[in-house]
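Everything on this sheet refers to the single structure shown next.
The values are calculated or read from the model by the stated rules, or taken from the named source; none is laboratory data. Keep in mind that what you see is a predicted model, and the values were worked out from it rather than measured. As a convention, Cβ positions derive from the backbone with ideal geometry for all residues, glycine included, and neighbour counts pool all protein chains shown. Surface accessibility is based on the protein's heavy atoms, side chains included, excluding ligands, DNA and RNA. Shrake-Rupley method; radii C 1.70, N 1.55, O 1.52, S 1.80 Å.
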Amino acid sequence: MTSRFAIILAAGQGTRMKSKLYKVLHQVCGKAMVDHVLSQLEKEDVDQILTIVGHGAEKVKETLGNRTEYALQAEQLGTGHAVMQAEDFLGDKDGMTLVVCGDTPLFTAKTFDKLFEYHEKNHDAATVLTAKTDNPFGYGRVIRNFDGEVEKIVEQKDATPEEAKVSEINTGVYVFDNKKLFETLHQINNDNAQGEYYLPDVIGILQSQNEKIGAYQMNDFNESMGVNDRVALSKATKIMQKRINEQHMRNGVTIIDPENTYIDADVQIGADTIIEPGVQLKGKTVIGEDCTIGAHSQIIDCVIEDGVTVTTSYLEQSTMHKNSNIGPYSHLRPLADIGENVHIGNFVEVKKAQIGKDTKVGHLTYVGDATLGKEINVGCGTIFINYDGMNKHHTNVGDFSFIGSGANLVAPLEIGDHAYVAAGSTITNDVPPHAMGIGRGRQVNKEGYYDKYPVAEAAKKIEKAENNK
Ligand code: UD1
Ligand code: CA
């Protein structure tokens, strides 16, 4: 098989984004645009992938890591100049080279593959991927001769009014005969409206040298969308979101309102899980089968095992084991580990804590820096007091214990198995197994107090008035 190489252009600043962030690092469905491009190329059988970096080179490298090689374009003199920076890496190799921009996040591996195949089958010197659109403004136009062959590509800013009317656009993706690409790049100049070395000029030069130029027109313009500003970014996000949601639905996930469900590109979801409206699933979240993710929940980088129910809650960097449930309105902060069949009710916050199997934390509770065993009942309004203003301290609660409502558990603390904590206690010492810890003031009743109290007079008047009605 002919060797396959790929070059991703990612050195531009992206002035039209009006952003401190370099363009190709802007995210579409939780993933940098350039990462989308690379991820699709990785699905291909490509021998070498090279990314051209310049503006924000370090940040781009940080984002993509060692999944690609890098060449530096120190000055951004145009897309042709960018590809030239790859010469030291690829220049002397036989094979075909795909070039793609880092700001076209919607291309699929399937399209790249079709383009490679088309190019190889036709023995072209270069093949350009084109698309048709009613609104070609901003794109390079594909100019064909009377025989329908591609003659050249003209940029928006250089186009005559006639050329600007052409609806077939350059998607910015090409496959070249590798050696011819680098030979021809030496012949381009920057004599154009933007004073840049244009990669598409390679097509015109090859054509004028009677080389065979192919054009592969794709059906779906949307897939080729280039993102130059925030309006396009939101359009690309919509399209990607639809694609992601449809993929999950085809895999057996019920999404009640796909228009209003936001799932990042790398999220995994098992079959027969139901996703209610307004849900956001982000980062590397993995959700099992038969779960229900309730309306407006946000789940970020979590592992949710089979059969879990999340009701309108906010979960980050945490794990929920099988058949556990949470919510409404609860918050798992990083490193909460919720055991099998555990019930976390409403208005509960859990941080850096393991909660054992079958334990219940029903209402209005804070659990931080703690390890709870199995089959514990934590009463309403319990506070795990973990912070003394300087350091965090840990609390252990043993299996089958019962923590009464309104308890303050002041860490560090050991509460043994089968232990009780009396409601309303402030517990500062360990409670041994099978014991009850009680720490509160004794109740005193002051007889007749109500009648002595001045407001009682006012209350009596109101009572009287009510009775006379
Ligand atoms: C480019 C094409 C245009 C095509 C469109 C498709 C050129 C001259 N024009 O236009 O025909 O229709 O893409 O989306 O190629 N870059 C570098 N170094 C540079 C300049 C750009 O690496 O010196 C990178 C950018 O980071 C970006 C990509 O190349 O990822 C494309 O550059 P951009 O300025 O967005 O080109 P367009 O005007 O969109
Ligand atoms: Ca662009």
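Some observations on this one:
- Region 1-55 - accessible surface per residue (Å², probe 1.4 Å): 40 Å²
- Hits among lysines - C-alpha to C-alpha of K59 under 17 Å, sequence gap 8 or more where chains match: K20, K23, K31
- Once you reduce region 362-421 and region 275-315 to the center of their Cα atoms, the two points are 26 Å from each other.
- Percent antiparallel among DSSP beta bridges (both partners in region 131-222, rounded to 5): 90 percent
- Sequence-distant lysines (8 or more away, or on other chains) whose Cα lies within less than 30 Å of K212: K43, K93, K110, K114, K121, K132, K152, K157, K165, K179, K180
- With the helix formula -39500 (n - 2.57) applied to DSSP H stretches of n ≥ 4, the chain reaches a computed 222 nm mean residue ellipticity of -6000 deg cm²/dmol.
- Carbon/sulfur fraction of accessible area - the chain, other protein chains in place, 1.4 Å, %: 48 percent
- For I255, distant residues with modelled amide H under 5 Å away: I275
- Scanning residues 5 or more positions from A370 or on other chains, those with amide H under 5 Å from its amide H are A353, Q354, T395, with H placed 1.01 Å from N in the peptide plane.
- Converting phi to 3J(HN,Hα) with the Karplus coefficients 6.51, -1.76 and 1.60 and the offset θ = phi - 60°, region 366-379 yields 10, 10, x, 6, 8, 10, 10, x, 9, 6, 9, 10, 9, x Hz in sequence order, with x at every glycine or proline.
- Relative contact order for the chain, counting Cα pairs under 8 Å that sit 6 or more residues apart, in percent: 8 percent
- One compactness figure for the chain is 1.41, namely its Cα radius of gyration divided by 2.2 N^0.38 Å.
- For region 400-406, 3J(HN,Hα) computed residue by residue from phi via the Karplus equation (6.51, -1.76, 1.60; θ = phi - 60°) reads 6, 7, 10, 9, x, 4, x Hz, glycine and proline entered as x.
- Share, in percent, of DSSP beta bridges within region 365-469 that are antiparallel, nearest 5: 5 percent
- Eligible aspartates and glutamates near K460 by straight Cα distance, threshold 14 Å, same-chain separation 8 or greater: D451
- Measuring r between the beta carbons of Q27 and T254 and using R0 = 30 Å, the FRET efficiency lands at 0.70.
- From phi via Karplus (6.51, -1.76, 1.60), per-residue ³J(HN,Hα) for region 305-318 in Hz, x at Gly/Pro: 7, 4, x, 8, 10, 10, 10, 5, 9, 10, 10, 9, 6, 9
- Taking other residues whose beta carbon is less than 13 angstrom from the beta carbon of S313, and scoring Lys, Arg as +1 and Asp, Glu as -1, yields -2.
- Principal-axis tilt of helix 109-122 within the chain, Cα atoms, nearest 10 degrees: 10 degrees
- Cα long-axis angle, helix 230-250 against the chain (0 to 90 degrees, to the nearest 10): 70 degrees
- The DSSP beta bridges internal to the chain are antiparallel in roughly 15% of cases.
- Note on region 287-427: Lys pairs 8 or more places apart or on different chains, Cα atoms under 16 Å apart, count 8.
- For region 301-435, the relative contact order comes to 13 percent (Cα pairs under 8 Å, sequence separation of at least 6).
- Long-range HN-HN contacts of T51 with modeled amide H, under 5 Å: I8, E69, Y70, A71
- Dipole orientation for the chain: of the candidates G362, G14, G54, G362 has the Cα lying most toward the positive pole (charges on Cβ; Lys, Arg +1; Asp, Glu -1).
- Simple Cβ-charge dipole of the chain, Lys/Arg +1 and Asp/Glu -1, about Cα centre, in debye nearest 20: 1980 debye
- Separation between Cα centres of region 97-146 and region 446-469, rounded to whole Å: 87 Å
- Radius 12 Å from Cβ of T382, net charge of other residues (Lys, Arg +1; Asp, Glu -1): 0
- Residues in region 143-207 average 47 Å² of solvent-accessible surface per residue, probe 1.4 Å, ligands and nucleic acids excluded.
- Within region 59-96, GluC sites (Glu not before Pro) in DSSP loop having at most 11 other beta-carbon neighbours inside 10 Å: E75
- Accessible area expressed per residue, region 236-339, with surrounding protein chains retained (probe 1.4 Å, Å²): 43 Å²
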